[in-house]
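Read the structure below first, then the notes.
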Amino acid sequence: MTESTTEKSVKIGRGNQQSEFPVLEGTIGPDVIDIRKLYSATGHFTYDPGFTSTASCRSKITYIDGEAGLLLHRGYRIEELAERSNFLETCYLILFGELPKADEYKKFVDGVTNHTMIHDQINYLFRGFRRDAHPMAVMVAVVGALSAFYYEDLDTQDPKHRLIASYRLIAKIPTIAAMAYKYSVGQPFLYPRNDLNYAENFLYMMFGVPCEPWKEKPVLSKALDTIFILHADHEQNASTSTVRLVGSTGASPYAAISAGIASLWGPAHGGANEAVVNMLEEIGTVDRIPEFLARAKDKDDPFRLMGFGHRVYKNYDPRAGVLKASADEVLDELGKGGEPKLAIARELERIALEDAYFQERKLFPNVDFYSGIILEAMGIPTKMFTAIFALARTVGWIAQWNEMIEDPEQKIGRPRQLYTGPAERSYVPLDRRG
Ligand code: CMC
């Protein structure tokens with residue numbers, strides 16, 4: 001079941017200058033050429049902006065077949081996990097590689113639940129922010145600040161220390177995200193409630209108030225739990241690669257996750273769910289769809305159809321499939337079945353999928369296309385969407401960080417470059433520059 005060196009190899013170079021490189025084989029997916037010795041053997045680097053052809057690591061966590069629209073965590077299909085598992089069980093699977101037995105599950109849930117509170121001193125950090133600060137800016141800062149609270153005694157080479165850091169991050173991130181929201185609306189922070197499940201506790205900390213009893217909302221917490229599962233990991237995307245790169249220096253995991261949050265924030269990555277809802281709002285009515293499709297196809301217009309296209313999926317993103325089905329269900333339950341944004345999204349998807357431009361480029365809806373609509377229907381403000389993505393992705397980041405540290409082949413991440421600047425030249429004093 002593990003990857004191995006195959007009998008295969010490839011030769012690079014000409015005549016007697018040829019060098020041979022082994023080909024490594026994974027469990028499934030394309031073989032990879034092991035070019036670690038390329039520079040010493042040939043004096044050449046490879047050039048691969050955006051890493052479209054580069055495997056940066058070995059990983060046992062997540063497998064994507066972008067052509068087939070397949071996403072597996074530790075071998076289990078995402079659709080099956082979304083239907084039959086729950087978020088914390090999926091976290092266990094992603095972190096430890098197997099579905100937990102009953103006692104392991106209980107121990108894990110207890111372990112996470114015991115770490116939901118944050119150090120009281122962190123409350124004061126929030127006061128330094130403007131009330132209208134973007135929650136992702138607050139998350140980057142506050143998660144990074146955790147390293148000031150839990151770093152001195154943290155040995156990243158010790159598995160027990162890494163486990164506690166993993167529990168802490170998975171447990172505290174909903175508390176921090178909810179606090180970022182509460183701060184923005186001027187309401188008091190609510191302490192986590194450990195009698196509630198993970199998603200329900202998050203909804204409570206977001207929407208509860210100290211002067212009213214909290215009414216549990218199982219439909220919403222179930223839908224949110226599914227959204228968490230769908231976002232839990234996605235192999236070596238930009239934010240995960242960021243976490244690995246930062247972690248490869250031996251930095252604090254809290255600093256590494258904070259960097260991952262920063263990387264996720266951009267509209268080409270996690271920020272797309274927010275951008276989708278803004279775009280649907282801008283489109284406004286079904287009859288304006290052709291105008292926006294024309295703009296998306298126009299090379300002189302920077303506008304892109306948000307929630308469409310993916311670096312890896314050249315087919316329907318399986319996560320979008322689950323969310324498309326759940327959007328109807330959730331909106332109906334909430335009495336928002338007639339929500340115009342859902343109608344626009346469905347029609348936009350239908351027209352785009354029939355359009356030659358999108359077909360030729362294999363542009364399909366991605367996870368962000370429907371998630372924003374569901375989150376909005378739940379009453380979650382647009383600015384919190386990416387924070388929720390970060391909350392759910394934390395387990396993936398942590399699992400990948402752990403895997404990287406345990407991998408004896410991993411080194412500090414240090415890509416090379418093709419230098420195109422001036423060759424060496426001499427300094428000219430200011431008064432002699434023409
Ligand atoms: N609308 C219109 N045209 C598009 C779009 C789009 N959403 N996405 C790609 N294209 C075109 C692009 O212009 C290019 O056309 P051409 O070959 O004529 O120059 C072609 O498709 C290939 O695009 P690319 O930018 O080279 O592809 P990429 O793999 O570098 O980018 C992407 C992937 C996700 C950044 C891009 O599809 C995009 O910007 N999508 C919109 C933003 C979005 O929904 N992001 C969420 C990604 S999924 C969640 C996550 O992973 O965080």
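The values are calculated or read from the model by the stated rules, or taken from the named source; none is laboratory data. All values reported here derive from a predicted model rather than from experimental measurement. Heads up, the Cβs are rebuilt from the backbone with ideal geometry, glycines too, and the neighbour counts pull from every protein chain shown. These accessible areas exclude ligands, DNA and RNA; they are computed on the full protein's heavy atoms, side chains included. Shrake-Rupley method; radii C 1.70, N 1.55, O 1.52, S 1.80 Å.
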Practice prompt. Name the one entry in Y357, Y370 that is open to solvent by less than 40 Å² (accessible area, probe 1.4 Å), modelled with pLDDT under 90 and either not in a helix (DSSP H, G or I) or not acidic (D, E) (or both).
Written response: Y370
Worksheet item: Could you give every pair whose Cβ atoms fall below 7 Å, whose first residue belongs to region 106-130 and is more than 18 Å from L391 (Cβ to Cβ), and whose second residue is in a loop (DSSP other than H, G, I, E, B), counting only separations of at least 6 or pairs across chains?
Response: N123/F189
Discussion item. With the structure loaded, tell me whether I405 is modelled with pLDDT of 95 or more, open to solvent by 10 Å² or more (accessible area, probe 1.4 Å) and in a helix (DSSP H, G or I) or whether it fails that test.
Written reply: yes
Worksheet item: Considering I118, I170, I164, which residue is surrounded by fewer than 19 Cβ atoms within 10 Å (Cβ to Cβ) and aliphatic (A, V, I, L, M)?
Response: I164
Worksheet item: Which residue pairs have Cβ atoms closer than 8 Å, lie 6 or more positions apart in sequence or on different chains, and pair a first residue in region 146-168 that is hydroxyl-bearing (S, T, Y) with a second residue that is open to solvent by 70 Å² or more (accessible area, probe 1.4 Å) and assigned to a helix (DSSP H, G or I)?
Response: none
Discussion item. I need a count of the residues in region 264-288 that are of a type in the set (A, V, I, L, M), open to solvent by less than 60 Å² (accessible area, probe 1.4 Å) and more than 10 Å from the ligand (Cβ to nearest atom).
Written reply: 3
Worksheet, complete the sentence: Going through region 332-363 in order, the residues found to be away from the ligand (no atom under 13 Å from the Cβ), in contact (Cβ under 8 Å) with a residue 60 or more places away in the chain and acidic (D, E) are E333, E347
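Yes/no per residue for (1) in a helix (DSSP H, G or I); (2) at pLDDT 90 or above; (3) within 10 Å of the ligand (Cβ to nearest atom):
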position	(1), (2), (3)
A294	yes, yes, no
R304	no, yes, yes
Y313	no, yes, yes
A327	yes, no, no
V330	yes, no, no
L391	yes, yes, no
T394	yes, yes, no
I398	yes, yes, no
Worksheet item: Got at least one residue in region 76-93 being touching a helix residue (DSSP H, G or I) at 6+ places or on another chain (Cβ under 9 Å), open to solvent by 70 Å² or more (accessible area, probe 1.4 Å) and in a helix (DSSP H, G or I)?
Response: yes
Practice prompt. Using the structure shown, decide if T242 is among the polar types (S, T, N, Q) and within 16 Å of the ligand (Cβ to nearest atom).
Written response: yes
Worksheet item: Do we have K60 as in a strand (DSSP E or B) and out of contact with any His (no Cβ under 7 Å at 6 or more places or on another chain) here?
Response: no
Discussion item. Just to be sure before I move on: is T54 free of Cβ contacts under 8 Å to residues at least 12 places away in the same chain and open to solvent by 60 Å² or more (accessible area, probe 1.4 Å) in the structure I sent?
Written reply: yes
Worksheet item: Does D225 fit the bill of being open to solvent by 10 Å² or more (accessible area, probe 1.4 Å), in contact with a helix residue (DSSP H, G or I) (Cβ under 8 Å, 6 or more places away or on another chain) and closer than 21 Å to L81 by Cα?
Response: yes
